[in-house]
Amino acid sequence: MPVRLLITCCLAGLLAACKLMPKEEDKKEEKKASDKYAGIPGRKWWKEAVVYQVYPRSFKDSDGDGVGDLKGILSKLDYIKSLGVDVVWLNPIFASPNDDNGYDISDYEGIMTAFGTMADFDALLKGMHERGIKLVLDLVANHSSDEHNWFKQSRASRNNPYRHYYHWWPAEKGKPDPRFSFFDVDGSAWKYDSTTKSYYLHYFGRKQPDLNWENPVVRTEIFNMMNFWFKKGVDGFRMDVIPFISKDTSFPTLPARYHGDFVRYYANGPHLHEYLQQMNKEALRNYDIMTVAEGIGVTPATAHDFVDEDRNELQMLYHFDGVGLGYLPGQFKQVDPKGYSLVAFKEIYSRWDSTFAQKGWGTIYLGNHDQPRMVTRWGNDAPAFREPSSKMLTTFLLSMRATPYYYFGDELGMSNIKFDSIQEYRDIETLNMYRKIKKEGGDLVYFLKGQQISARDNGRTPFQWDSTEHAGFTSGMPWLKLHPGYKTVNVAAEEKDPASVLNYFKKMVRLRKSNPVLVYGKYQLIDKDNPSVYAYARTLGNEQWVIVLNFTSLGQYYTPGLPLKQGEKRMVQMGNYSSYAPGTMLPEGNLLLKPYEALIYKMIK
Ligand code: TEU
């Protein structure tokens, strides 16, 4: 072999060995972490997982049509892997006319054309599994699209075999009692269909007729479809508006106090748990998968019925108490200009922790595709505070006793785009509410101002990969405008900066996963009435950690709520400012917390 070639080979070998080295290190670290978990009762992989939610439309476009797609996600799996997350939840990827961005499905076993093909899906699932990442899909089974063959048949005639797949109200019975729909231009959930002179029910958009779960054939169709995906190897489902599947199908007159509160008055019907138990028996229990319900309307009192192991239904649910905080009562998603009460915030998350302290298991999230960006809503997106408050909120999400559902883009500190005009919105909720208010002669300026904070499109703007045109998301025209901040807030820039929001997120994921105290440790709220600082302890065996979060833009003197015992010290594990490096001891007296400072320390002897 010529000398030059020999040298090249040796160098290549060395390089390969170097590349392998961190893997060995990783393995050692994983082994050390898994030793720490030994003997903890009730362990489950989905309790220890960090879930990363990807909105496929906005993640990465591979073919230049301006819409994210499956091949795009496939090309970015190494990025997802680099985050250290365990599970990806993908919003609906099924065939759909996209009236509600995939929450209106026209074929449950087909892939949305704009997202790719079944072969792309298979490749994506394989790519994830090769990297040890699990894939959770979105089950949208309360309603389908009106373009689904079932509905096309159902509306064709009153005696069509598919007629009872949906809820129909024959016009000769008179007008059905009013029911409210968020996504309808008239706000009505009953739509008249002249072909069969009947009204059909749609709690969401007109193109989203509600499926009739009372019909056992419908249930079988849905369970078969779930098994179809499980057999392909998917690792679970997030279940869209699942409390809505059972309804009082006599559709009684609602009491005057109803006021459109659809969750209280027409979700959680009489057969809900019977259907979920059947689903468990027919599909879920046969696989090692995870399930999480969109727990709209679920309260701490009713939550156990969904998730306790002995119920044989689901495993987790996410509640709306947290994200519902701070809205002005009686108005459509207008946040209180005075902000929200941190004491109330603490009370909500503490209450949900205690709900599952003995039985069941919780979830935690601050953002998703139905919410604005977490930093805008719960932190502070002003230039001076966007980074520290993003990191502080990340610290919160990854240090609570609950499975974190982390929304893509939050790891970069992406913030609300705050559109000025209705023309820029794409979301059916904002567009139809605007039309409705306009029809009624309401205050559109006020409505649009509110939407700058609360609109769902704020959380749906394309992901920011780099500082090139369209942030590296697409070579075409993005389906929704990009946040102009992408020039600096993007993966490429943040990967290079050790102090970035992105690198902080990765460190927090690692810290959580390698310290079971952050996953399973008992939670105890400290100093509950402090209006500015959220502090809590996590305790597992004889290990005790404390998390201190300044939720304000001001410095705060903080007296650590847990007094030191004889010979005890506070050793820093993590912080979002460089003032306290991991491994250093905190001073014994008060702490001066910087704006949005987050600090995790461990009590040591
Ligand atoms: O959301 C359910 C739901 O109740 C939403 O209407 C939510 O409360 C609303 O966005 C708040 O303004 C699920 C999906 O997550 C959502 O994206 C769908 O639009 C909806 O169901 C219909 O499928």
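The values are calculated or read from the model by the stated rules, or taken from the named source; none is laboratory data. Keep in mind that what you see is a predicted model, and the values were worked out from it rather than measured. Neighbour counts are summed over all protein chains in view; Cβ atoms, including those assigned to glycine, are modelled from backbone coordinates with ideal geometry. All accessible areas refer to the heavy atoms of the entire protein, side chains included, with ligands and DNA or RNA removed. Shrake-Rupley method; radii C 1.70, N 1.55, O 1.52, S 1.80 Å.
A few comments on the model shown:
Here is a yes/no grid of residues against (1) within 28 Å of Y434 (Cα to Cα); (2) within 16 Å of the ligand (Cβ to nearest atom); (3) surrounded by fewer than 20 Cβ atoms within 10 Å (Cβ to Cβ); (4) without any contact (Cβ under 8 Å) to a residue 24 or more places away in the chain:
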{"site": "F121", "(1), (2), (3), (4)": "no, no, no, no"}
{"site": "S144", "(1), (2), (3), (4)": "yes, yes, no, no"}
{"site": "H148", "(1), (2), (3), (4)": "yes, yes, no, no"}
{"site": "A156", "(1), (2), (3), (4)": "no, no, yes, no"}
{"site": "Y165", "(1), (2), (3), (4)": "no, no, no, no"}
{"site": "A171", "(1), (2), (3), (4)": "no, no, yes, no"}
{"site": "D186", "(1), (2), (3), (4)": "yes, no, yes, no"}
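- Subset of segment 98-114 that is hydrophobic (A, V, I, L, M, F, W, C) and open to solvent by less than 10 Å² (accessible area, probe 1.4 Å) - its residue that is farthest from D370 (Cα to Cα): M112
- Within segment 540-575, being open to solvent by less than 30 Å² (accessible area, probe 1.4 Å) and modelled with pLDDT of 95 or more holds for W545, V546, I547, V548, L549, N550, F551, T552, R570, V572, M574, G575.
- Neighbours by Cβ (under 9 Å, 6+ apart or cross-chain): first from segment 437-454, in contact (Cβ under 8 Å) with a residue 60 or more places away in the chain; second within 16 Å of the ligand (Cβ to nearest atom) and open to solvent by 50 Å² or more (accessible area, probe 1.4 Å): Y446/Q331; G450/Q331; S454/Y327
- When residues of segment 65-103 are limited to those that are more than 16 Å from the ligand (Cβ to nearest atom) and of a type in the set (D, E, K, R), the one nearest to R426 (Cα to Cα): D65
- For segment 454-508, a tally of residues being within 16 Å of the ligand (Cβ to nearest atom) and either open to solvent by 60 Å² or more (accessible area, probe 1.4 Å) or not in a loop (DSSP other than H, G, I, E, B) (or both) returns 5.
- Residues being surrounded by fewer than 20 Cβ atoms within 10 Å (Cβ to Cβ) and either touching a Ser or Thr at 6+ places or on another chain (Cβ under 7 Å) or of a type in the set (D, E) (or both) - total across segment 188-204: 3
- For V218, the conditions (1) under 23 Å from the mean Cα position of the chain (by Cα); (2) closer than 18 Å to A283 by Cβ; (3) aliphatic (A, V, I, L, M) all hold with the exception of (1).
- If you filter segment 387-436 down to residues that are without any contact (Cβ under 8 Å) to a residue 40 or more places away in the chain and open to solvent by 30 Å² or more (accessible area, probe 1.4 Å), you find that the one that is nearest to S553 (Cα to Cα) is D420.
- Scanning segment 205-224 for residues that are open to solvent by 10 Å² or more (accessible area, probe 1.4 Å) and away from the ligand (no atom under 16 Å from the Cβ) turns up N212, E214, N215, P216, V217, R219, T220, E221, N224.
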